[in-house]
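Novice: Right, I'll just put the structure down here and ask away after.
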């Protein structure tokens, strides 16, 4: 049973969006201290959403002939998983190996009218366009001077017109009064809709794992979209990730979210690449897409085309803004979602400047929401057939998270340490070495969550890779990982105890000590 109020609110927000009921009586959430120091109850939000994920996995398993299950989650682990990219180690060393994405072009700055604006130049093409717009070099001082020349609303509007990610730091009330915020608030946490009842794809009974035999094509980047594919793979799905031969990727994030997948390189803008993609889609159950709005449509792969290719396909989309809202075609990131929705404002109570919550709460939770929707649609397709459309967005996720707040000093906090990897970490041996990472959020009573394929680099599999001929091939209960010996034996080399992503008002930084300013606030509130 879910006893925590915030966890229950999060769980029920998902339950309302589902086409069937889910039972919280099968769930136990163990207590655990928060590490992210914030009025926003990130650990509880995560625990509620992750419990809902476990519930839909359990339901489709029962539907496919597997035994009914109970589920156990740990509150602290749920929150740790919101920074799992920072808590993954290869042969004892953290996977935060590349520093180029961490720069002043990813930050929050004061505009001419005194409002703050968050901008993201994470990838080279975004960085160059951002600096061209502001006509300045890439330094914090230069960007601040340039941003101070324009009011916040002008910056947000003009950058949106250039398809560049930027957002004003709004309060929750300002967001709800904004047309985009008002439209977002009316939407369910997940949009799940059936589009016709053609197609005869059915999964049938499972032998070992709830999603064995499910075939997934993933066209996704960074965190939210690839998290969908990883979660499906951990429950037995066969996931083929399609990556452009040349593109932007951030190593620690890639390694974190691509466990359990076959990764191929394919230029889907070419004739051969598109034909190969269509071939994969024709045999798939799920398409995961988090490309920029309109990218598939420009390739001629709109909903009508996808339904013709595969009338039994489930389309699972993860985006910045929801499809039916005014900002449906805008680009955005975790940090922009925090800024515009009031989440950054709520997190910054008592601070002198807006500061992000220290976890990727929108990215990972949007991935969970889209995965929940995909599994729910698979379950419904067993009984009703048809093509299904599923979508979740960063801004809808943020709008829910910002409602789960209490005073910052209402609970105790404990920094992340090696002990967390002892308590919640697993080791998995791969061709690259031994990875130490966080275990899955949900512990099922009968069917363990696992990634049978290791993470790797883009193109680890040839582009001729296709689906296994035997349904559920490779499905078993044999775990490829084990409780972390590396952590227990002192093999974690460079984990600096801290409270999440470095508190710099941007999305960059590794796991490190929270800012002096934040510690001063905590100390003053407890004095």
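Novice: Among the numbered criteria (1) out of contact with any strand residue (DSSP E or B) (no Cβ under 6 Å at 6 or more places or on another chain); (2) under 30 Å from residue 376 (Cα atoms), which one does residue 196 miss?
Specialist: Of everything listed in (1) out of contact with any strand residue (DSSP E or B) (no Cβ under 6 Å at 6 or more places or on another chain); (2) under 30 Å from residue 376 (Cα atoms), residue 196 misses just condition (1).
Novice: Further question on the same structure: Please find, among 73, 80, 66, the residue that is at pLDDT 95 or above and assigned to a loop (DSSP other than H, G, I, E, B).
Specialist: Working: 73 fails: assigned to a loop (DSSP other than H, G, I, E, B); 80 fails: assigned to a loop (DSSP other than H, G, I, E, B).
After ruling out the rest, the residue left standing is 66.
Novice: Looking at (1) in a loop (DSSP other than H, G, I, E, B); (2) surrounded by fewer than 20 Cβ atoms within 10 Å (Cβ to Cβ); (3) in contact (Cβ under 8 Å) with a residue 40 or more places away in the chain, which one does residue 21 not meet, given that it meets all the others?
Specialist: (3)
Novice: What tally of residues in the range 338-357 results from selecting those that are in a loop (DSSP other than H, G, I, E, B) and in contact with a helix residue (DSSP H, G or I) (Cβ under 8 Å, 6 or more places away or on another chain)? Working first, answer last.
Specialist: Step one: filter the range 338-357 for residues in a loop (DSSP other than H, G, I, E, B), giving 342, 348-357.
If we keep only those that are in contact with a helix residue (DSSP H, G or I) (Cβ under 8 Å, 6 or more places away or on another chain) too, we end up with 342, 349-352, 354-357.
Here the count works out to 9.
Novice: Would a scan of the range 411-419 turn up a residue that is touching a strand residue (DSSP E or B) at 6+ places or on another chain (Cβ under 7 Å), surrounded by 18 or more Cβ atoms within 10 Å (Cβ to Cβ) and modelled with pLDDT of 95 or more?
Specialist: Looking through the range 411-419, none of the residues is touching a strand residue (DSSP E or B) at 6+ places or on another chain (Cβ under 7 Å), surrounded by 18 or more Cβ atoms within 10 Å (Cβ to Cβ) and modelled with pLDDT of 95 or more.
Novice: What about residue 378, is it crowded, with 23+ Cβ neighbours inside 10 Å, touching a residue at least 24 places away in the same chain (Cβ under 8 Å) and either over 14 Å from residue 192 (Cβ atoms) or under 24 Å from the mean Cα position of the chain (by Cα) (or both)? Please lay out each step first, then the result.
Specialist: Details: crowded, with 23+ Cβ neighbours inside 10 Å: yes; touching a residue at least 24 places away in the same chain (Cβ under 8 Å): yes; either over 14 Å from residue 192 (Cβ atoms) or under 24 Å from the mean Cα position of the chain (by Cα) (or both): yes.
Considered against the rule, which asks whether it is crowded, with 23+ Cβ neighbours inside 10 Å, touching a residue at least 24 places away in the same chain (Cβ under 8 Å) and either over 14 Å from residue 192 (Cβ atoms) or under 24 Å from the mean Cα position of the chain (by Cα) (or both), residue 378 comes out as yes.
Novice: While we're looking at this one, here's another question. Considering the range 131-144 alone, what residues qualify as being assigned to a helix (DSSP H, G or I) and at pLDDT below 95?
Specialist: First pass over the range 131-144, keeping only residues assigned to a helix (DSSP H, G or I): 131-134, 140-144.
Across the range 131-144, the qualifying residues are 140, 141, 142, 143, 144.
Novice: For residue 442, indicate whether it is over 25 Å from residue 186 (Cα atoms) and surrounded by 20 or more Cβ atoms within 10 Å (Cβ to Cβ).
Specialist: Yes, satisfied.
Novice: Moving on to the next point. Based on this model, can you work out whether residue 305 counts as farther than 19 Å from residue 190 by Cα and either in contact (Cβ under 8 Å) with a residue 24 or more places away in the chain or buried (at least 20 other Cβ atoms within 10 Å of the Cβ) (or both)?
Specialist: Details: farther than 19 Å from residue 190 by Cα: yes; either in contact (Cβ under 8 Å) with a residue 24 or more places away in the chain or buried (at least 20 other Cβ atoms within 10 Å of the Cβ) (or both): no.
For residue 305, the condition - farther than 19 Å from residue 190 by Cα and either in contact (Cβ under 8 Å) with a residue 24 or more places away in the chain or buried (at least 20 other Cβ atoms within 10 Å of the Cβ) (or both) - is not met.
Novice: Go through the range 304-337 and give me each residue that's out of contact with any strand residue (DSSP E or B) (no Cβ under 7 Å at 6 or more places or on another chain) and assigned to a helix (DSSP H, G or I).
Specialist: 304, 305, 308, 309, 334, 337
Novice: Separate question: For residue 257, state whether it is in contact with a strand residue (DSSP E or B) (Cβ under 6 Å, 6 or more places away or on another chain) and closer than 21 Å to residue 230 by Cβ. Show your work before the answer.
Specialist: Numbers: in contact with a strand residue (DSSP E or B) (Cβ under 6 Å, 6 or more places away or on another chain): no; closer than 21 Å to residue 230 by Cβ: yes.
Here the answer is no, as residue 257 does not meet what is asked.
Novice: Sticking with this structure for a sec: Search the range 284-299 for residues being part of a loop (DSSP other than H, G, I, E, B) and at pLDDT 95 or above, and hand back the single one that is farthest from residue 322 (Cα to Cα). I'd like the intermediate steps shown before the answer.
Specialist: The initial filter retains those residues of the range 284-299 that are part of a loop (DSSP other than H, G, I, E, B), namely 284-285, 290-294, 299.
Retained after the next criterion (residues that are at pLDDT 95 or above): 284-285.
Values: 284: 24, 285: 23 Å.
The extreme case among them is 284.
Novice: Filter the strands (runs of 3 or more DSSP E) completely within the range 151-270 down to those with at least 3 residues that are more than 20 Å from the chain's Cα centre (by Cα). Walk me through how you get there before you give the answer.
Specialist: Numbers: elements: 166-168, 191-195, 215-219, 238-243, 261-265.
Because the criterion is at least 3 residues that are more than 20 Å from the chain's Cα centre (by Cα), the strands (runs of 3 or more DSSP E) in the range 151-270 that meet it are 191-195.
Novice: Something else about it: Can you tell me how many residues in the range 423-450 are within 18 Å of residue 251 (Cβ to Cβ) and outside any strand (DSSP E or B)?
Specialist: Adding up the residues that qualify gives 2.
Novice: Now for a different question. Give the residue, chosen from 46, 10, that is buried (at least 24 other Cβ atoms within 10 Å of the Cβ) and closer than 21 Å to residue 437 by Cβ.
Specialist: Numbers: 10 fails: closer than 21 Å to residue 437 by Cβ.
Criteria check complete, one pass: 46.
The values are calculated or read from the model by the stated rules, or taken from the named source; none is laboratory data. Predicted model, so just to flag it, every value in this text is computed and none were measured. Cβ: placed from backbone, ideal geometry, glycine included. Neighbour counts: every protein chain shown.
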